[in-house]
Amino acid sequence: MIPLFDIRLSEREVAAVEEALRSGWLTMGPRTETFERAFADHLGARHAIAVSSGTAALHLACLAAGVGPGDEAIVPAITFVATAAAVRYCGARPVLADIVGQRDLGIDPDHVEGLITPRTRAVVAVHYGGYAADVETLAALCERHGLALIEDAAHSPSATPASGGRKLGTRGTAGAFSFFSNKVLGCGEGGLVATDDDDVARFVRSRRSHAMTSGTWDRHRGHASGYDVAGLGFNYRLDELRAALLHARLPALEDDIGARRRIVRRYRELLAGVPGVTVPYRDEDVEHSSCYVMPVMVDDPELRDPLRELLQERGVQTSVLYPAIHELSAYRGCARTRLPRSELAARTELTLPLYPHLSQSDQDVVVESLRESLASLRAAGRPAAPRDATLT
Ligand SMILES: Cc1ncc(COP(=O)(O)O)c(C=O)c1O
């Protein structure tokens, strides 16, 4: 089986966790602080606040942006459910926007603008697969309408917009990162809020640990003897083992992304000769992306699921990123308009294996399996619809 993703830890990274285990301090403490400083420097952000997951990061970012009961926040329909769930945790309503199209799965700023109402508080942009959403246009739009821009940067540590500039996750009110195990920088479960805004940082720092005025580590060091609770907070703390692993993995992040980009470039060359699939994004976008996943769009939506089955039989694991949010049972009703481009992407997208140490021979197997399986399905009497009919 060629897996969708695979994790390899170096001895140095394992040793960093072992050292944390032996240190006698397991929950949020000095290693978390060290990682936060290193990640803030890496991003070029004023503040980086580590939390227990990307979902927790989104929740706190939404709360810090003032999203509350009765409000609306605009979220893309093609994303992991956590993006929309975070809005609901705040008592607000996620309003789903369409994506740009089959070649760019980011949120469509024009559609976002049409969805703004007096209740709208924030726009949450997702940098799908590590490729930048149009943050400049979204930031200008949010400024014009007095809205917060939250970046769901779960897929995109170290990525930038194709036009260059600051790293993704640092442009809006706050950026939310995920360190879930399959992510570009993973530790199992973990997340982080990045922001340049001192008030947002103070809020997130406080609420991640029950809004207590001092933490266990402060008290352990004798910096405080008691605490007050200044608001409704959560246990969204990261522990020291994960912080140690993240800090040990951070120096290799750029090389890992470089390896991902090389593999994606090669996929794009190989897939250019495969009839019936379209590869989203442009070659130049790859150089700015963190290349979290390798999406391809199967031109005929009818063939996507049978193709996945054939690939599975041939030992190639695939996935779908993502089902459209408003087609999930608990999120019906979150679409105020039709979302044809998201609905099409949810039926055509296929995610291929991608990880920094994916070998060329395994990559060849993936592409050949795709080519042959698709050819056999098309020959079996379900010819792909003409591209123009299915692709926007
Ligand atoms: C786009 C997106 N947002 C948010 C999350 C949530 O991150 P976590 O799993 O760390 O809670 C994920 C994680 O898979 C994601 O892909």
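The values are calculated or read from the model by the stated rules, or taken from the named source; none is laboratory data. Just so you know, these numbers come straight off a predicted model, no measurement behind them. Note that each Cβ is placed from the backbone with ideal geometry, even for glycine, and that neighbours are counted across all protein chains shown.
Details
- Among the residues of this structure, S209 counts as one that is under 18 Å from W25 (Cα atoms) and either in the same structural domain as R46 (by TED's automatic domain parsing) or within 16 Å of the ligand (Cβ to nearest atom) (or both).
- Residues in segment 186-199 that are buried (at least 24 other Cβ atoms within 10 Å of the Cβ) and either in contact with a strand residue (DSSP E or B) (Cβ under 8 Å, 6 or more places away or on another chain) or within 18 Å of T79 (Cα to Cα) (or both): G190, G191, L192, V193, A194, T195.
- Selection of segment 143-159 for residues being over 15 Å from the mean Cα position of the chain (by Cα) and aliphatic (A, V, I, L, M) yields L147, A148, L149.
- The residue that is farthest from T27 (Cα to Cα), among those in segment 147-195 that are touching a Ser or Thr at 6+ places or on another chain (Cβ under 7 Å) and among the acidic types (D, E), is D152.
- Some residue of segment 229-236 being under 30 Å from L354 (Cα atoms) and at pLDDT 95 or above: yes
- Some residue of segment 247-265 being touching a helix residue (DSSP H, G or I) at 6+ places or on another chain (Cβ under 9 Å), farther than 25 Å from L4 by Cβ and part of a loop (DSSP other than H, G, I, E, B): no
- Some residue of segment 188-197 being farther than 28 Å from L253 by Cα and not aromatic (F, W, Y): no
- Single residue of segment 50-62 satisfying the filter (buried (at least 24 other Cβ atoms within 10 Å of the Cβ) and part of a helix (DSSP H, G or I)) that is nearest to the ligand (Cβ to nearest atom): G54
- Any hit, segment 228-251, residues being without any contact (Cβ under 8 Å) to a residue 12 or more places away in the chain and either within 16 Å of the ligand (Cβ to nearest atom) or surrounded by fewer than 17 Cβ atoms within 10 Å (Cβ to Cβ) (or both): yes
- Residue within segment 79-98 that is assigned to a loop (DSSP other than H, G, I, E, B), in the same structural domain as D197 (by TED's automatic domain parsing), on the phi < 0 side of the Ramachandran plot and away from the ligand (no atom under 16 Å from the Cβ) present: yes
- Counted residues, segment 207-216 - those being surrounded by 17 or more Cβ atoms within 10 Å (Cβ to Cβ) and more than 24 Å from the chain's Cα centre (by Cα): 4
- Single residue of segment 20-49 satisfying the filter (part of a strand (DSSP E or B) and β-branched (V, I, T)) that is surrounded by the most Cβ atoms within 10 Å (Cβ to Cβ): I49
- Among the criteria (1) in contact with a helix residue (DSSP H, G or I) (Cβ under 9 Å, 6 or more places away or on another chain); (2) more than 16 Å from the ligand (Cβ to nearest atom); (3) in a loop (DSSP other than H, G, I, E, B), the one G70 does not fulfil is (1).
- Filter pass, A132 being within 19 Å of G106 (Cβ to Cβ) and more than 16 Å from the ligand (Cβ to nearest atom): no
- Top-ranked residue of segment 297-328 - restricted to ones that are without any contact (Cβ under 8 Å) to a residue 60 or more places away in the chain and within 22 Å of the chain's Cα centre (by Cα), ranked as farthest from the ligand (Cβ to nearest atom): E327
- Given (1) in contact with a helix residue (DSSP H, G or I) (Cβ under 7 Å, 6 or more places away or on another chain); (2) in a strand (DSSP E or B); (3) away from the ligand (no atom under 16 Å from the Cβ), number of the condition R121 does not satisfy: (1)
- Members of segment 243-289 that are among the acidic types (D, E) and out of contact with any Pro (no Cβ under 9 Å at 6 or more places or on another chain): E254, E269, D283, E284, D285, E287
- Residue match in segment 206-213 (condition: farther than 19 Å from T32 by Cα, in contact (Cβ under 8 Å) with a residue 12 or more places away in the chain and not polar (S, T, N, Q)): no
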